[in-house]
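The structure appears below as structure tokens.
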There are 2 protein chains.
Amino acid sequence: MNSFTLDSRLANDCIVLGEMRLSLLLLLKNALVPWFILVPRRNQTELFELDREDQEALLEEINLLSNFVKGLVGVEKLNIAAIGNVVKQLHVHVIGRNSEDFCWPNVVWGRPEKTPYTDEEIGKIRESLITKLPEGSLRLT
Amino acid sequence: MNSFTLDSRLANDCIVLGEMRLSLLLLLKNALVPWFILVPRRNQTELFELDREDQEALLEEINLLSNFVKGLVGVEKLNIAAIGNVVKQLHVHVIGRNSEDFCWPNVVWGRPEKTPYTDEEIGKIRESLITKLPEGSLRLT
């Protein structure tokens, strides 16, 4: 039985782009930096609590997404993190940073600045993901 | 040829506790929260750039350290992150958080608060690591 339900705050703050093997792939509703979130469809709250097979799957998804984000125009550094102090549901941030972005070199968490995406921009991100990720690794929703 | 040298800022801000299979294990000189840092002895700057074998080794080290930190008195949540906006050398933070710690629920990065460890406290951390990590997984330095 799969009792997984996406946390309501993640659902509110993000667009669900699709499903990977283990995780939902979300895009934070903030166009200031490319900010993706992987949410394993599991109920553990810490990375080390996932079983080995799920850890391997998550690692692979982080790798695929990292490679994608690193290839975006202007991305110089990745920030990868599982924090979860507020939203306990296990989720991993994969964020592309640029030395001229809105809060470089500080971390992005806890900052109030926000710029919405247009529907067109979101469409382009979906299209780019499907083009650049290995076939079958992401099912858009 | 191993050309690895610990970044001078990490060397300055941390105590080198020892060596794991892939990584140096550091303790940040800040007793406000249990804050460990794994530094793979490699020259890549992003997690996804490590080869698969090194990724597996790092994952195992994160697991071991996570289990250790989660077992410390007062630790309720782990924060695991590879950021590296300032110090490019690949390093992974493994931090134990408590809902009454100095900046909960905010992230710890970028905060100025700092409390030094005593030599006795550091000695106890070393002793605890050696007692609780699987035999052979950490060589104290």
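The values are calculated or read from the model by the stated rules, or taken from the named source; none is laboratory data. Since the structure is predicted, the reported quantities are computational estimates derived from the model, not experimental observations. So basically every Cβ, Gly included, is an ideal-geometry build from the backbone, and we count neighbours across all protein chains shown.
On inspection, B:Gly96 does not qualify as assigned to a loop (DSSP other than H, G, I, E, B) and either in contact with a Ser or Thr (Cβ under 8 Å, 6 or more places away or on another chain) or at pLDDT 95 or above (or both). Report, by residue number, each residue of region A:41-50 that is part of a loop (DSSP other than H, G, I, E, B) and either among the aromatic types (Phe, Trp, Tyr) or away from chain B (no Cβ under 11 Å) (or both). Residues satisfying the conditions are A:Arg41, A:Arg42, A:Asn43, A:Gln44.
Please work out if B:Gly74 is surrounded by 20 or more Cβ atoms within 10 Å (Cβ to Cβ) and small (Gly, Ala, Ser). Steps first, answer last, please.
Working: surrounded by 20 or more Cβ atoms within 10 Å (Cβ to Cβ): no; small (Gly, Ala, Ser): yes.
It is false that B:Gly74 is surrounded by 20 or more Cβ atoms within 10 Å (Cβ to Cβ) and small (Gly, Ala, Ser).
Scanning region A:118-138 for residues that are among the hydroxyl-bearing types (Ser, Thr, Tyr) and under 19 Å from A:Gly71 (Cβ atoms) yields A:Ser128, A:Thr131, A:Ser137.
Here the condition is being part of a loop (DSSP other than H, G, I, E, B) and among the basic types (Lys, Arg); of A:Lys114, A:Lys124, it holds for A:Lys114 alone.
The listed residues are B:Ser66, B:Ser99, B:Ser137, B:Ser128, and the only one of them that is within 12 Å of chain A (Cβ to nearest Cβ), of a type outside the set (A, V, I, L, M) and under 20 Å from B:Cys14 (Cβ atoms) turns out to be B:Ser66. Inside region B:9-29, residues that are outside any strand (DSSP E or B) and over 13 Å from B:Val92 (Cα atoms) make up a count of 7.
Residue check: B:Leu59 meets all listed conditions (1) more than 14 Å from chain A (Cβ to nearest Cβ); (2) closer than 26 Å to A:Val75 by Cα but one, namely (1).
Would a scan of region A:114-122 turn up a residue that is among the aliphatic types (A, V, I, L, M) and surrounded by 18 or more Cβ atoms within 10 Å (Cβ to Cβ)? Checked region A:114-122: no residue is among the aliphatic types (A, V, I, L, M) and surrounded by 18 or more Cβ atoms within 10 Å (Cβ to Cβ). Tell me, please, whether a residue that is at positive phi and within 14 Å of chain A (Cβ to nearest Cβ) can be found in region B:102-124. Yes, the conditions are met somewhere in region B:102-124. Only one of the listed residues (B:Leu90, B:Leu32, B:Leu78, B:Leu38) is in contact with a Ser or Thr (Cβ under 8 Å, 6 or more places away or on another chain), in a strand (DSSP E or B) and more than 10 Å from every other protein chain (Cβ to nearest Cβ). That residue is B:Leu38.
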